[in-house]
Amino acid sequence: MSITEVGTSVAIRGTEQPPATARARWFGADSGIGPVAVLLGIIGWLFTFIGSWIPSFWGDEAASIMSAERPLATIWQELGRVDAVHGAYYVFLHFWIDAFGTSELAVRLPSTIAVGVAVAGTVVLADRLFIHVAATRRIAVMAGAVMILLPRVGYMAAEGRSYAIGTAVAVWLTVFFLELLDRRITRPLPWFAFAVVFALSIYVFLYLVLLAVVYGIAVIAARPGRAVSRRWSAAIAVGVMLAAPVIVYALSEHGQIAFLAHRNYVTFTRIFVIQWFGNPWLAIACWALILVAVVTLLRSRSRAAVLLVGWLALPMCILIFGNTFIAPMYSIRYLSFTTPAVAILVAVGVSTLFSRGGAAGWMRGAAVVALFSLALPTNSFERTEFAKDDGSDLRQAAKVIGAHAHQGDAVVFDETTRPSRKPRLALRLYPQYFAGLSDVMLRTPYARRSGIWDSVSPIAEIAPSLSGISTVWDLELTTPGSVTTPVNVLALERLGYSISRRLPVHRTVVYEITRETI
C-alpha cells in the first residue's frame, strides 16, 4: 500500500521490511512516540474530565453505585444472579468509593483517567500500525486528537460504568498483540501473558471477547507462520478458559438484557450517527474520511486495513446479527471499545486527503479543527445537567425534596416505570436530601437482596404506616402529553390526602400531598 505526498514518498507495505528485521517499537518507547502519547493522554483526560460531574447520575450509574456500596459478600451474591459482566468493575468501585465517596466527580474520575490512557494507547497503536510510513508521527498525533474529540469518548468518560476502562484495556491489548505478531514471537511466556491480559479484559467487560475475532483475521492476513499462529490460537483458548466463570455466569443471566428487544436500538441513526459521532454533520464528515482511509489502505494492501476495518465492523456486525437472530445483545455503549479504530481511520483519511502541496500541514490542522467544531455541540451537550438517559434529573429532584420536605414527612416513588428510570434511585444516589423522611413503601433494601434494586410495597398495603403523617412527597416520572393522575396520587387521595403543590423538575414531578391529622 502506498500513500504518496508531494515532496515525501510514503509507503505502508507489509513486504517492504520483513517483520524479523523491523525496528522494535516496544509500546512506542524507541520510536519516540511515547512522550507525545503521554502528552495527548493527559490532554484527553483533562478535556473529558472538565464538566464530567455536571450531568445527574442516571439508572445504569445507580446500578454501579448501589452494587459497589454493598458489603463484598453480598456483591458476590448479586453477581451470581445479575450483572456478572460488570463484576470486576463493581468490585473495583467498591474500594474506590470507600476512599473517595459517591459524588459524580469521584465516581466518574476513573472513567476520565481511563480515557486518557485510551488516547495514549491510540497514539501508540497508530504509530505501531504505520511503522513504515514516514508520516507515522503525524497519523498517530491526529489519531489521538480525533479520539479526544469524538463524542462517544466524552460520553463514556462522564459515566460511572466500565466502558472507558474497557476501551483503554482494548487498545493496549491490541498494542501488545501487534508487538507479539509483528516480531514473530514464539516463546510461550509472552503469549501466556497475552492470554492473561485477554482474560482480564473479558472480566472488565464481556464483549471484549470479540477482539479474538478481530485478532484472528489480523493473524490470517499477516501470515506469520505456523509457530506464531499456534501460539496465538493457544493464547486465545487459554484466555477464554481463564475467563470461563464470567462467561458462564453472563450466559446464564442473558435474560436481564431481554429489554433490548423492545427498545428498537438497531436503527440506521443509532448505528451510523449516535454510536460514535452524536450528530449527523460530524457523522457525515467522519464516515467520508473513513471511506477514504479504507479505500486507500485496501488499494495498498495494508495489513492495517484488516485490523482497523475488522475492529470497527466485526464486533458491531456480530452483535447486530446476534440481536436479530439469537437474543437481545446490541447497544451502542457496548461497542465503545471500537472507538480507537474509528479515530485512527479518520486520522488516515485526513492524512490522505491533505497530503499534497505546501499548505498541506495547515489543511490537515484545519480539518481537525473543523471536526472539533462539528463535535462541539454534542460534546457541550454531554456536559449539561440533564444529558444522561434522555434527561435524567435524579439529583435535581432530590434537591427539591431537600429544599421543601421536613423531618417526619413521608416519601413515595413512582414504581410504574422501568427500574433504571425509577425516581426512587434519587434516594439511593443522593440520600443526604432525604434525611429524616420516612420511606414508607420500602419492603426490603437492595443490600439485603440478591437483585440490584429495592423491593417495595404498594401504598394500599402500607396505609397503616401513614398514620399520623400529614405530608407525603411523591416523585413521579412524567410522560410527555400524559394527563393521567399518577397511581400513587390516586392511592393517597383514597386515604384522605390531596395535592397541595406540584413542583416540576425536568422529567420528574414532585408532588406535595397533605391531609389533616388528628
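The values are calculated or read from the model by the stated rules, or taken from the named source; none is laboratory data. Everything numeric here is computed off the predicted structure, so don't read it as measured data. Neighbour counts are summed over all protein chains in view; Cβ atoms, including those assigned to glycine, are modelled from backbone coordinates with ideal geometry.
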Are there any helices (runs of 4 or more DSSP H) wholly within segment 297-389 with 2 or more residues that are under 24 Å from SER52 (Cα atoms), and if so which?
339-353, 360-381
Among all residue pairs at least 6 apart or on different chains, which show Cβ distances below 8 Å where the first residue, located in segment 212-240, is not assigned by TED's automatic domain parsing to the domain that holds ALA199 and the second is not acidic (Asp, Glu)?
none
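Conditions (1) without any contact (Cβ under 8 Å) to a residue 12 or more places away in the chain; (2) surrounded by 19 or more Cβ atoms within 10 Å (Cβ to Cβ); (3) touching a Pro at 6+ places or on another chain (Cβ under 8 Å), marked per residue:
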position	(1), (2), (3)
GLU382	no, yes, yes
SER392	no, yes, yes
GLY402	no, no, no
GLN407	no, no, no
VAL412	no, yes, no
GLY436	no, no, no
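Conditions tested, residue by residue: (1) buried (at least 16 other Cβ atoms within 10 Å of the Cβ); (2) closer than 21 Å to GLY408 by Cα; (3) not polar (S, T, N, Q).
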residue	(1), (2), (3)
SER465	yes, yes, no
VAL472	yes, yes, yes
THR479	no, no, no
ASN488	yes, yes, no
GLU493	no, yes, yes
ARG501	no, yes, yes
PRO504	no, no, yes
GLU512	yes, yes, yes
GLU516	no, yes, yes
Being of a type in the set (Lys, Arg) and in contact (Cβ under 8 Å) with a residue 40 or more places away in the chain is the filter here, so list the residues in segment 502-518 that pass it.
ARG507, ARG515
Candidate set from segment 192-204 (those that are among the aromatic types (Phe, Trp, Tyr) and over 16 Å from TRP311 (Cα atoms)); member that is surrounded by the most Cβ atoms within 10 Å (Cβ to Cβ)
PHE194
Could you grab me the full set of residues in segment 443-477 that are touching an Asp or Glu at 6+ places or on another chain (Cβ under 9 Å) and either part of a loop (DSSP other than H, G, I, E, B) or without any contact (Cβ under 8 Å) to a residue 60 or more places away in the chain (or both)?
ARG443, THR444, PRO445, ARG449, SER450, GLY451, ILE452, ASP454, VAL456, PRO458, ILE469, SER470
Taking ALA143 as the residue in question, decide whether it is buried (at least 23 other Cβ atoms within 10 Å of the Cβ), hydrophobic (A, V, I, L, M, F, W, C) and modelled with pLDDT of 95 or more.
yes
Test ILE65 against the stated conditions and say whether it is closer than 30 Å to SER252 by Cα and within 19 Å of the chain's Cα centre (by Cα).
yes
Kindly indicate which of ALA370, ALA398, ALA375 is in contact (Cβ under 8 Å) with a residue 40 or more places away in the chain and either in the same structural domain as SER482 (by TED's automatic domain parsing) or surrounded by 20 or more Cβ atoms within 10 Å (Cβ to Cβ) (or both).
ALA375
When you check THR167 against the structure, is it in contact (Cβ under 8 Å) with a residue 40 or more places away in the chain, part of a helix (DSSP H, G or I) and either out of contact with any Ser or Thr (no Cβ under 9 Å at 6 or more places or on another chain) or in the same structural domain as VAL219 (by TED's automatic domain parsing) (or both), yes or no?
yes
Being modelled with pLDDT under 95, surrounded by 14 or more Cβ atoms within 10 Å (Cβ to Cβ) and not assigned by TED's automatic domain parsing to the domain that holds THR102, is that true of even one residue in segment 425-432?
no
When residues of segment 28-53 are limited to those that are outside any helix (DSSP H, G or I) and of a type in the set (Ser, Thr, Tyr), the one modelled with the lowest pLDDT:
SER31
Sort through SER351, SER300, SER355, SER331 and tell me the only one that's surrounded by 19 or more Cβ atoms within 10 Å (Cβ to Cβ), assigned by TED's automatic domain parsing to the domain that holds ARG138 and within 27 Å of LEU211 (Cβ to Cβ).
SER351
Report yes if some residue within segment 342-364 is under 25 Å from LYS422 (Cβ atoms), small (Gly, Ala, Ser) and touching a Leu at 6+ places or on another chain (Cβ under 8 Å); otherwise report no.
no
If we keep only residues of segment 54-75 that are within 14 Å of GLY451 (Cβ to Cβ) and modelled with pLDDT under 90, then the residue surrounded by the most Cβ atoms within 10 Å (Cβ to Cβ) is ILE75
